[in-house]
1. Could you look through the stretch 175-194, keep only residues that are touching a Gly at 6+ places or on another chain (Cβ under 9 Å) and in a strand (DSSP E or B), and pick out the one that is nearest to Leu42 (Cα to Cα)?
2. Here is a list of conditions, (1) at pLDDT 90 or above; (2) crowded, with 16+ Cβ neighbours inside 10 Å, and Pro111 meets all of them except one; can you say which number that is?
3. Do we find a residue being within 22 Å of Arg22 (Cβ to Cβ) and under 18 Å from the mean Cα position of the chain (by Cα) anywhere in the stretch 140-161?
4. Name the one entry in Arg207, Arg197 that is in a loop (DSSP other than H, G, I, E, B), assigned by TED's automatic domain parsing to the domain that holds Gly154 and either more than 29 Å from the chain's Cα centre (by Cα) or within 18 Å of Glu150 (Cβ to Cβ) (or both).
Amino acid sequence: MQVAATPLHFERNDGQGPSGVRFMARGAGYSVHLSDTDASILLTNTPREGNADARHTSVVRARLVRASAPSAVTGEAALPGTVNYFRGSDPSRWQQDVPTFGRVRAAAVYPGIDAVYYGSQRQLQYDFEVAAHADPSQIAMAFEGVEQLEVDPGGDLLIHVGGRVLRQQRPFTYQVGPNGRQEIPSRFVIDGEQEVRFALGSYDTDRPLVIDPVLTYSSYFGGDSEERAYDVALGPGGSVYITGITAALPALPTQNPFQPGTGGQPDAFIAKFEPAGDSLSLVFSSYLGGSDQENNAGLDYTGDIAVDAPGRPTSPARRGRPTSRSRRAPRTRPSAATTRRTRTSRA
């Protein structure tokens, strides 16, 4: 199932993430950590034979060179969904009702220039919003953790990392005038081995300017590790529930997670999507498990799922029994945690 159009949900770091990270987001096959002056992109890779123990994470850090600490890093376009982290069986270690946002703004990373982050499951977008009379030549990005940078004949920046290629599409630079957006000629320039700058054509310095590159990672729902989807069920209003097992971390796009990542390997997952225009929008994706291996939601690997009249995911009457060897699984009801958020969350 393709959910490429699902928007990224940036969750504020309230202690569930590494120190120094302000906001986090998960896409299909990658996750993003935003700090004051850099964005770290984490890519999980597992060999094709599905050996979860052999998987590794490649990290690309895009650092703003000679940037100032921003005056503020704030979430914008607040989303109705919240994120819950239920780690293990100790409630004191859980985080609940963490807010999510559609965009994150780092204000004044350079004099008169803001960095704004947003995107979808397959794309991370970041705009540099340049105020009138500010100098865009200040902007420079150093890509750390990469093997090679190159600009292809079409003007896209190719970032080689871990045997993969991330594509930064040719920047779309524009000013807004009486007739709408006016494109300004622009291109990437590689400075040395790691730094990238923007070369711009002539423009009106009396008006604001926006530089808008797009980082593309082509993928589908599910990560690069061992996943199996066992069943699909339809709910009210065209909603779709998927259940299965996964050893991927942090590849699954997760909102309202009952458990933030896999504990034992594999763990069960359940995800809900709802129609959103021409695509499906992720409502929640939850990990269910403890410190050992779990079958899917305790369903003997048949993975059966059904949706009751109020729209809550459940197991059919007698198609399986709980099958978990974990001793540290969360001791609460995952359906209660997820469905409570489902009624108030619209991704």
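1. Top of the filtered list is Phe188.
2. (2)
3. Within the stretch 140-161, none of the residues are within 22 Å of Arg22 (Cβ to Cβ) and under 18 Å from the mean Cα position of the chain (by Cα).
4. Result: Arg207 is the single residue among Arg207, Arg197 that is in a loop (DSSP other than H, G, I, E, B), assigned by TED's automatic domain parsing to the domain that holds Gly154 and either more than 29 Å from the chain's Cα centre (by Cα) or within 18 Å of Glu150 (Cβ to Cβ) (or both).
The values are calculated or read from the model by the stated rules, or taken from the named source; none is laboratory data. These numbers come from a predicted model, not from an experiment. For neighbour counting, all protein chains shown are included, and Cβ atoms are generated from backbone atoms with ideal geometry for every residue, glycine included.
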